[in-house]
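Enquirer: Before I ask anything, let me first share the structure, which is written out below as structure tokens.
The values are calculated or read from the model by the stated rules, or taken from the named source; none is laboratory data. In this text, all values refer to a predicted model and were calculated from it rather than measured experimentally. Because the Cβ atoms are built from the backbone with ideal geometry, glycine has one as well, and the counts that use them run over all protein chains shown. Note: accessible area is taken over every heavy atom of the protein model, side chains too, but ligands, DNA and RNA are not part of it. Shrake-Rupley method; radii C 1.70, N 1.55, O 1.52, S 1.80 Å.
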Amino acid sequence: LAAGLAPDNAEVQRKAEQRTEEAAEAAMEDRVRATARKAGLEIDPSPEAEASPKPNPNTPDPNPNPPAPQPRAEAPSEAAPKIQNAEEFSLHTVDSILGKLKAEGVGCKVGAPDPQTAKALGGLPDVFVLDALTEMLLESKQSRAQLRVGDGLTFLLTELAALLNAEAENTDHAALARLCGCLAAAVLDERRSVSAALDAGLLPALDGAFAGFATRLDAAAASSAAAPKPLLDAVGAASRLLGAVLDPEKSDGGVSEVSRAPGLLQSVARCLVHAGAGGAADAVSPLAAILQDASYAIGEDNIKSAKRLRKAMLEMADPPVNVSLAAALHQLLDNATGGAAGSRALEALCGGLANLARVPEQRRFLATPGGPLCPKAPGALLLRVAAGGIGQKKIAGLSAAARAHALAALLNGSSGAEGEPLRELLYVEGGLLVALALLKSYSGGKNALLWTRGAALLGRIAGVEAAALALSSASPLRHLSAQIEDCAAQVSAGADAAAVAPHLDGANHLVRALALALTYASRRGQAIEGLDALVPALIKLLPAPALDPMVSAVSANSVALPPASGRFPAALVAHACKALSVALTTSKSGSTARAFLERGGVDRTVCAFANYGGGDAADLSARRNAAILLAKAVQIDDALKARARDLRGMEMLVELGGRFA
């Protein structure tokens with residue numbers, strides 16, 4: 001408060017900063033002290049106190065009859081180091097908790113506390129000491145580094161190997177879940193810790209663990225029994241650990257190792273199908289995230305071993321990776337699994353399918369039912385997520401990220417010639433209405449990503465003739481026109497490039513959809529309403545020519561200069577010219593031609609003709625469509641022809657020799 005009231009007083013600012021730092025350290029000490037109590041330790045953080053931990057007198061002795069002490073070598077007497085600050089206190093607490101785990105085992109816990117301690121522990125009857133270490137590692141990056149530099153990480157990995165070496169029927173899945181959770185915290189955002197874990201053989205250990213998980217889940221499914229919760233908890237925790245190692249943004253090492261162990265990903269896919277069938281969103285989310293990261297890596301040439309991983313993933317057959325993702329998605333949607341865990345799971349599943357759809361051979365799968373595991377086409381399931389839930393079963397708590405990932409999967413899957421089956425499926429499944437609803441719901445900057453992807457989806461579906469014809473009917477065309485007018489207003493307002501970019505991108509897709517709708521309707525001789533209202537908005541999406549300073553207006557000398565407000569994307573200009581061509585030639589009234597002239601349509605068309613055509617395909621398309629628009633305009637109205645002649649547009653057309661006619 002003082003800092004805010006006296007912003008120019010250096011002394012007040014210095015003291016306020018000092019008090020803030022002191023308060024932050026005190027809060028950190030309180031959190032660490034509370035965590036230490038969960039481990040049954042009382043540690044005094046004051047600089048005058050010795051750094052050795054004191055056992056909590058309220059904690060029952062886990063071994064009331066200890067063996068007689070053994071003789072040990074005498075160590076030179078030395079005063080314990082002093083703890084100087086909250087960070088040292090935190091690191092010292094990690095060492096103390098680790099020492100307790102080494103002495104009493106990773107399964108030790110603090111039990112039956114007295115009322116005062118129980119209150120500090122949140123009223124829990126007992127707490128595993130390993131959970132306290134996990135909390136410390138999640139909170140402090142320094143703690144994670146210290147665990148690696150010392151022998152703590154090695155100790156935990158050794159304990160994991162010992163636990164996994166037990167007979168399958170004797171595996172303590174609850175203990176395995178806690179240990180995997182602690183290791184996942186230990187390697188979080190730590191490249192060196194990931195490398196150390198890989199060098200210590202973590203992936204072969206997890207390979208065996210997931211094979212065992214899959215076998216147990218197969219057996220439960222075969223007997224029509226629900227999977228035990230401890231088993232699913234262990235699957236989820238092991239998946240989070242594997243995901244932390246596999247994350248290609250943190251380390252390429254995990255991708256390289258996994259590419260040599262395709263059986264591991266196959267086991268993950270089997271576990272994912274079972275977890276989805278059981279509606280276990282907490283397990284589905286990390287399992288799907290593993291396949292999401294792996295499927296991302298196969299499309300990145302800069303990631304080592306990506307080709308080998310791609311071959312291994314695309315050869316998976318029991319089940320294939322795409323079927324496992326689609327099956328889990330089908331089960332979660334069929335069970336209407338919502339909430340935060342369900343939303344995270346849907347996000348990972350849709351993200352994995354989006355990454356796979358980057359591979360052209362995988363796109364047709366989205367339009368095809370996946371057999372008994374996924375009786376509905378994955379594309380229809382993704383459309384439901386993108387829509388936020390369709391029909392009687394809504395998706396509670398669905399995140400915007402999940403919807404964005406679903407849209408990304410649909411856009412990737414509907415790309416190119418391989419995407420034609422999905423485009424047709426999306427039209428049949430009501431994708432046109434979903435896209436229009438997204439545009440209406442997220443216009444005005446409410447969510448630029450969902451709005452832009454909704455526009456892109458509309459542009460893809462409009463490539464289906466039946467969809468384009470439906471879009472040209474009165475009501476859809478009104479909605480589409482309103483969106484284009486809004487884009488044109490935003491673009492012509494002269495905002496900064498970052499603010500205008502989403503509108504330009506969205507406008508490109510919307511105008512493409514409009515051009516397709518008008519073209520197909522024109523070929524069928526279908527009447528189109530509202531063309532006069534469309535023309536001004538489309539003209540704004542063409543480049544504005546510079547003014548001639550001699551006459552303070554657009555002249556034949558200035559129209560060919562670089563546009564005053566810069567060049568719009570060539571694809572957008574090409575689509576706008578195409579839509580305007582159809583509008584001018586289809587309209588039965590002279591008002592459309594007058595609106596085209598009065599709004600500077602001829603000027604902007606000549607400017608586009610002169611400033612595009614630099615060599616790439618998009619530029620050439622923009623110039624070609626501008627030439628066609630100009631040629632059609634001069635044939636429709638004498639006033640348009642006169643204006644084109646004034647700007648030497650007719651000369652340009654003649655020079656091209658009718659090449660674009």
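Enquirer: Looking at region 548-555, is at least one residue crowded, with 23+ Cβ neighbours inside 10 Å, at negative phi and touching a residue at least 12 places away in the same chain (Cβ under 8 Å)?
Expert: Scanning region 548-555 turns up at least one residue that is crowded, with 23+ Cβ neighbours inside 10 Å, at negative phi and touching a residue at least 12 places away in the same chain (Cβ under 8 Å).
Yes/no matrix, rows are residues, columns are (1) at pLDDT 85 or above; (2) charged (D, E, K, R); (3) in a helix (DSSP H, G or I):
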| residue | (1), (2), (3) |
| --- | --- |
| Lys588 | no, yes, no |
| Arg594 | yes, yes, yes |
| Val602 | yes, no, yes |
| Ala608 | yes, no, yes |
| Ala618 | yes, no, yes |
| Arg624 | yes, yes, yes |
| Leu629 | yes, no, yes |
| Leu653 | no, no, yes |
| Gly658 | no, no, no |
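Enquirer: Quick one: what pairs do we get from region 598-626, first residue at positive phi, second buried (at least 24 other Cβ atoms within 10 Å of the Cβ) and outside any helix (DSSP H, G or I), C-beta under 7 Å, 6+ apart or different chains?
Expert: none
Enquirer: Sticking with this one: Restricted to region 599-626, and to residues that are in contact with a Phe, Trp or Tyr (Cβ under 6 Å, 6 or more places away or on another chain) and among the charged types (D, E, K, R), which residue is most open to solvent (accessible area, probe 1.4 Å)?
Expert: Ranking the qualifying residues of region 599-626, first place goes to Arg624.
Enquirer: Output the residues belonging to region 413-422 that are surrounded by 23 or more Cβ atoms within 10 Å (Cβ to Cβ) and either in a helix (DSSP H, G or I) or in contact with a Gly (Cβ under 6 Å, 6 or more places away or on another chain) (or both).
Expert: The answer is Gly413, Gly419, Leu422.
Enquirer: Name every residue in region 354-386 that is among the aliphatic types (A, V, I, L, M), modelled with pLDDT under 90 and farther than 18 Å from Gln292 by Cα, in order of residue number.
Expert: Correct list: Leu373 only.
Enquirer: Of all the residues that make up region 559-580, how many are in contact (Cβ under 8 Å) with a residue 24 or more places away in the chain, open to solvent by 20 Å² or more (accessible area, probe 1.4 Å) and small (Gly, Ala, Ser)?
Expert: 3
Enquirer: Could I ask something else about it? List pairs: first in region 155-171 and among the acidic types (Asp, Glu), second surrounded by 11 or more Cβ atoms within 10 Å (Cβ to Cβ) and at pLDDT 80 or above, Cβ under 7 Å, 6+ apart or cross-chain?
Expert: Close Cβ pairs satisfying both conditions: Glu159/Val106; Glu159/Leu179.
Enquirer: Out of all the residues in region 427-455, which are touching a helix residue (DSSP H, G or I) at 6+ places or on another chain (Cβ under 8 Å), among the charged types (D, E, K, R) and farther than 14 Å from Asp505 by Cβ?
Expert: Glu429, Lys440
Enquirer: Got at least one residue in region 305-318 being among the hydrophobic types (A, V, I, L, M, F, W, C), assigned to a helix (DSSP H, G or I) and at pLDDT 90 or above?
Expert: no
Enquirer: Within region 209-247, which residues are within 30 Å of the chain's Cα centre (by Cα), surrounded by fewer than 20 Cβ atoms within 10 Å (Cβ to Cβ) and touching a residue at least 24 places away in the same chain (Cβ under 8 Å)?
Expert: Within region 209-247, Ala211, Pro230 qualify.
Enquirer: Does region 557-570 contain at least one residue that is within 17 Å of Leu480 (Cα to Cα), part of a helix (DSSP H, G or I) and touching an Asp or Glu at 6+ places or on another chain (Cβ under 9 Å)?
Expert: For region 557-570, residues within 17 Å of Leu480 (Cα to Cα), part of a helix (DSSP H, G or I) and touching an Asp or Glu at 6+ places or on another chain (Cβ under 9 Å): absent.
Enquirer: Tell me, which helices (runs of 4 or more DSSP H) lie completely within region 446-520 with 1 or more residues that are modelled with pLDDT of 90 or more and farther than 23 Å from Gly530 by Cα?
Expert: 448-461
Enquirer: Another question, if that's okay. Could you please let me know if Ser591 is over 34 Å from the mean Cα position of the chain (by Cα), small (Gly, Ala, Ser) and surrounded by 15 or more Cβ atoms within 10 Å (Cβ to Cβ)?
Expert: no
Enquirer: Taking Ala633 and the conditions (1) within 24 Å of Gln490 (Cα to Cα); (2) open to solvent by less than 20 Å² (accessible area, probe 1.4 Å); (3) assigned to a helix (DSSP H, G or I), which numbered condition does it fall short on, given that it satisfies the others?
Expert: (1)
Enquirer: Do we find that Ser295 is modelled with pLDDT of 90 or more and either within 21 Å of Pro360 (Cα to Cα) or open to solvent by 20 Å² or more (accessible area, probe 1.4 Å) (or both) in this structure?
Expert: no
Enquirer: Inside region 423-435, can you point out the residues that are assigned to a loop (DSSP other than H, G, I, E, B) and among the acidic types (Asp, Glu)?
Expert: Within region 423-435, Glu429 is the sole residue that qualifies.
Enquirer: Can you name the condition, by its number, that Val273 falls short on among (1) at pLDDT below 70; (2) open to solvent by 10 Å² or more (accessible area, probe 1.4 Å); (3) of a type in the set (Val, Ile, Thr)?
Expert: Exception for Val273: condition (1).
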